[in-house]
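First up is the structure itself, then whatever we jot down about it.
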Amino acid sequence: MKPVIDPIEIGFLYADGLTLQEIGERFGLTRERIRQIMQANNMPRRKNSSHGRLLRHEWRNKKRLQGLYETGMSRHAITELIGVNDATLRKWFNEFGIRRRTASEALLLARKPTSPWYDRDRLQVAYNSGQSVEYLARVAGVCWQTAYRWCRRLGVKLNRPGTGRWKNR
């Protein structure tokens, strides 16, 4: 005797975003048989075949997407990371109310140094412990002018040039 399959249950599972393949696996049927049951019961099909996967996509989460975006990742980098196209990501941003960056904000963010030394407290502690700006630059892998610029932008109090800790002599 064949097990009785409730078309309403199939409809609910399909509406929840499961694919025909996943529904078939639950009932021990093929994807094609599930499609036939849906067609016999006049159930509408989704136009986009990837819709079910996108509804349950692990990255379709406001906190996760916003976290990536706020750490400075571009939309392009996020799409590459999670494997969706830009249109899908834009749709999710709109759905979750994530404000997209303006062109000028993106440009400023792209210029922000990513060195771990670009941190006020870390630079201040290193400088106050007797390290020179040249030493900080060598450790960070930048020229001394860049290290000096970081210190100035972050408000690290520096001795004037030539007063001992400015440059190692």
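Since every read-out is calculated from the coordinates, none of them should be taken as a lab result. Predicted, not measured: the structure shown is a model, and the values here were computed from it. FYI the Cβ positions are ideal-geometry reconstructions off the backbone, even for glycines, and counts take in every protein chain you see.
How do 76-83, 143-150 rank on mean C-beta neighbours within 10 Å, highest first?
Values: 76-83: 13.2, 143-150: 17.0.
Those peptides, ordered most packed to least, come out 143-150, 76-83.
What list of ³J(HN,Hα) couplings, whole Hz, do you get for the stretch 140-145 from phi and the Karplus terms 6.51, -1.76, 1.60, once you set θ to phi - 60° and write x for glycine and proline?
7, x, 10, 6, 5, 5
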